[in-house]
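One structure is given below, encoded as structure tokens.
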There are 2 protein chains.
Amino acid sequence: MTALAVGVTAPRGFAASGVEAGLKQHGGRDLALVVNRGPRAASAGVFTSNRVVAAPVTLTRSHLAAGTLRAVVLNSGGANACTGRPGARDAQATAARAAAALGLEPGQVGVCSTGLIGQRLPLDLLLPGIDQAAAALEEDDEAALAAADAIRTTDTVPKTAVATGDGWSIGGMAKGAGMLAPGLATMLCVLTTDAVLDDAGAASALEEAVRTTFNRTDSDGCMSTNDSVILLSSGASGTAPDPAAFTEALREICARLARQLIADAEGATHDIAVTVAGASDEAAAEAVARAVARSNLFKAAVFGNDPNWGRVVAEVGTVPAEVAPFDPSQLDVSINGVMVCRQEGVGEPRERVDMTAREVRVLVDLHAGEARATVWTNDLTHGYIHENSAYSS
Amino acid sequence: MTALAVGVTAPRGFAASGVEAGLKQHGGRDLALVVNRGPRAASAGVFTSNRVVAAPVTLTRSHLAAGTLRAVVLNSGGANACTGRPGARDAQATAARAAAALGLEPGQVGVCSTGLIGQRLPLDLLLPGIDQAAAALEEDDEAALAAADAIRTTDTVPKTAVATGDGWSIGGMAKGAGMLAPGLATMLCVLTTDAVLDDAGAASALEEAVRTTFNRTDSDGCMSTNDSVILLSSGASGTAPDPAAFTEALREICARLARQLIADAEGATHDIAVTVAGASDEAAAEAVARAVARSNLFKAAVFGNDPNWGRVVAEVGTVPAEVAPFDPSQLDVSINGVMVCRQEGVGEPRERVDMTAREVRVLVDLHAGEARATVWTNDLTHGYIHENSAYSS
């Protein structure tokens, strides 16, 4: 582990690479490998809940169901979604080529793809690129950054994070800038750890970490066909972590990566934390926060630095009573610390709200219990419209 | 009935007016009256399903529950929502003043308001305006157009429609340009008819007509606190209509008004009809169509004249199987008549799709049954962002 210690190579036992295979229209790195070289192996994955599922997701799920992953190959420049049986065979060929290059079985390789839906991947470029990526594998920071760079689509920066525990560490990389919505945010993420885990422990920690982080990130309400979060454990630290401590560290790293996704969301000028407090239970708090986080009207108002609490309250009221019991006449709404709506009526003057900072904090108090949840989103801007109307992606 | 026959005065027995009471920041008509002068009276209303409900909605519901409306007073320039008990008293005072001016009981007057949430209405302007509107009542087209003009907020044009049946007719006016979503679209609408109805017949016809028209209009996914559709019957034709024929005529007029709302949606450059066919039942078809109609990514693509079917398919896949059973591998998607996605894979070349017309037609075939439904929406544009970020509304 180097002094810098970024991304997926920060934990011991991992190598990575990012190369240019020629998949992207405008060039740049587009193919990444992450490989577990450690003494042990455990793995887990969480995937999109979309019923339209890209070929690499179906393949990687089947590999995880039957065994343990030792490597993940990721490409930008094409999602390999809605590509039918030919696309399924392309994903198989991708795993097989990576396995051959790494001395593994195809079932030990996960595959992740991101880019335009409905186009075949150019295997004549992709397969030689895998050989090139295998030859470029290194265990240093540069390799981790090259891998994080290679999975970018409209992301303006690579996203990495590292957390350390008692004798073990976790590293991660992620991509995602649009089509970010729960279950999951539209995103790819690979997490690595040198902690000693088994597959079951890896799965339970990953599910819990994702639940309150990536699954509460909702940039534009649009759920992808390709979302994948994969955790690989090398066991190279020789240390079996306390499960609660490991889960908390994993949650922390997922939260930091999710936060980076929102900060880089297409066209965003404000990151918005929508916190709902005083809810009857956490699910109710999350449902209300998610509704507010999906309001185009409120998100456009935030772009205009307008603390338009009426648009917040209108959205809160759309959540059915059976999902979130509360008395609308008790609703309080604060924006950046100023309670602009008190008991469903006018509170402090909206002129007191300072909207100039990048981060905007909305707090809705339902006065119906003790539970709370936060959903992160961003404002709706001319930049978002431009990026999603001027280009296919 | 004049030769022109527009709007709420087209049926016999109705008078209307629209005046400037001074409620709107930038001036113009802002107060409307519609009055039933016919030999009989029946009425019905359908309102927002939002749990945060504006004071005039609560008041009008209570009047309809206890009796029959003879008049509706409508204002733009303020929603009277989230205004607490003072706002409730303002709505009561509005109905009482209109009743006094018209020789009615307050319980015979419905109240509708539209504008910014969270501000009291200036009653010192509103109440004299009601007297002015009562004095201006006429039964001609000019009066119907003045009333339709007075309820505009960001609407660029007044919206009216007329339908005729066997000896009877229906007229209507509506407003709404943003915060348009189901249950209802954010909108006010008054419908008048000279057909002989009772309250129960009016209610059943109105509910059925709204269900497949205004409730399938979804401009921006944002549900208002003030949505109201009110039907008044004067019985002045002396003709009791066939219920099915009347419901169909009412549905037709609601469809035409809903279509006008979408055509005038904030910033829109394309009207989009999302039709889902081959569904197991109508509710499934509607749920899938609504999901597609709410995709910011797809709606931004349409703004860019990009027939991005991948974004359609990704959204179709977010609908749970228990809501809409279908096999994703059987999905077909056509845009403007070109089947760009066949069996979840690439179909005809997207270059064949002509996106230059204002109207865009998306057809999703689930191949899971015979039912179908259409939801109307519009594209997501720089104009929408501008209107909703540069001004509070």
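Counted by Cβ distance under 13 Å from B:SER169, the other residues give a net charge of -2, where Lys and Arg count +1 and Asp and Glu count -1. Near A:ASN36, once Lys and Arg are set to +1 and Asp and Glu to -1 for all other residues with Cβ below 10 Å from its Cβ, the sum equals +2. Normalising the average separation of contacting C-alpha pairs (under 8 angstrom, six or more residues apart) by the number of residues puts the relative contact order of segment B:271-390 at 44 percent. By the Cα gyration tensor, segment B:186-326 has an equivalent ellipsoid whose semi-axes, rounded to whole angstrom, run 33, 18, 12 from largest to smallest.
With charges set only on the Cβ (+1 for Lys and Arg, -1 for Asp and Glu), what does the dipole of the protein assembly as shown come to about its Cα centre, in debye to the nearest 20? Magnitude of the dipole: close to 100 debye.
Distances from A:GLN92 to itself in the other copies, using label points 7 Å out along the Cα-Cβ axis, amount to 7.4 nm in increasing order.
Taking the longest Cα principal axis of chain B as reference, the axis of helix B:141-150 is set at about 70 degrees.
About the centre of its Cα atoms, segment A:219-342 shows a dipole size close to 240 debye [charges on the beta carbon of Lys, Arg (+1) and Asp, Glu (-1) only; nearest 20 debye]. Please name whichever of B:ALA54, B:MET355, B:GLN330 sits farthest to the positive end of the charge dipole of chain B, dipole taken about the Cα centre and charges placed at Cβ: Lys and Arg +1, Asp and Glu -1. Result: B:ALA54, furthest along the dipole toward the positive end.
In the elastic network of chain B, a GNM with C-alpha springs shorter than 10 Å, the most mobile of B:THR225, B:THR356, B:THR58 is B:THR356.
Going by a ≥ b ≥ c, the root eigenvalues of the Cα gyration tensor, does segment B:8-94 fall in the rounded group (a/c under 1.5), the prolate group (a/b larger than b/c) or the oblate group? Taking the square roots of the gyration eigenvalues as a ≥ b ≥ c, segment B:8-94 is oblate. With one equal scatterer per alpha carbon and no solvent term, the Debye-computed log10 I(q)/I(0) for the protein assembly as shown at 0.07, 0.10, 0.11 1/Å reads -0.54, -0.98, -1.12.
Cut-off under 27 Å on the C-alpha distance; same-chain residues fewer than 8 positions from B:LYS299 excluded. Which lysines are left, in chain and number order? Those lysines meeting the cut-off are A:LYS24, A:LYS175, A:LYS299, B:LYS159, B:LYS175. Using only side-chain charges placed at the Cβ, +1 for Lys and Arg and -1 for Asp and Glu, the dipole size of chain A relative to its Cα centre rounds to 880 debye. Sorted from closest to farthest, the other copies place their B:GLU207 label points 4.2 nm away, with each point set 7 Å from Cα along Cα→Cβ. Its Cα gyration tensor gives segment A:271-390 an equivalent ellipsoid; the semi-axes, largest first and in whole Å, are 23, 17, 11. Across chain A, Cα pairs under 8 Å and at least six residues apart give a relative contact order of 18 percent.
Note on chain B: with a GNM built from Cα contacts shorter than 10 Å, the maximum mean-square fluctuation among B:THR377, B:THR269, B:THR156 falls on B:THR156.
Take the alpha-carbon positions of chain A, form their convex hull, and give its projected area averaged over all directions (one quarter of the hull surface) in nm².
In nm², the orientation-averaged hull projection of chain A is 18.6.
Each copy carries a label point for A:ASP131 at 7 Å from Cα toward Cβ; from one copy, the others' points are 9.3 nm away, ordered from shortest.
GNM on chain B, alpha-carbon springs under 10 angstrom: the most fluctuating residue among B:GLN343, B:GLN108, B:GLN132 is B:GLN343.
Every read-out reported here was derived from the displayed coordinates using simple, explicitly stated rules and does not represent laboratory data. Just so you know, these numbers come straight off a predicted model, no measurement behind them. Every residue, glycine as well, gets a Cβ built from its backbone with ideal geometry; the counts of neighbours run over all protein chains shown.
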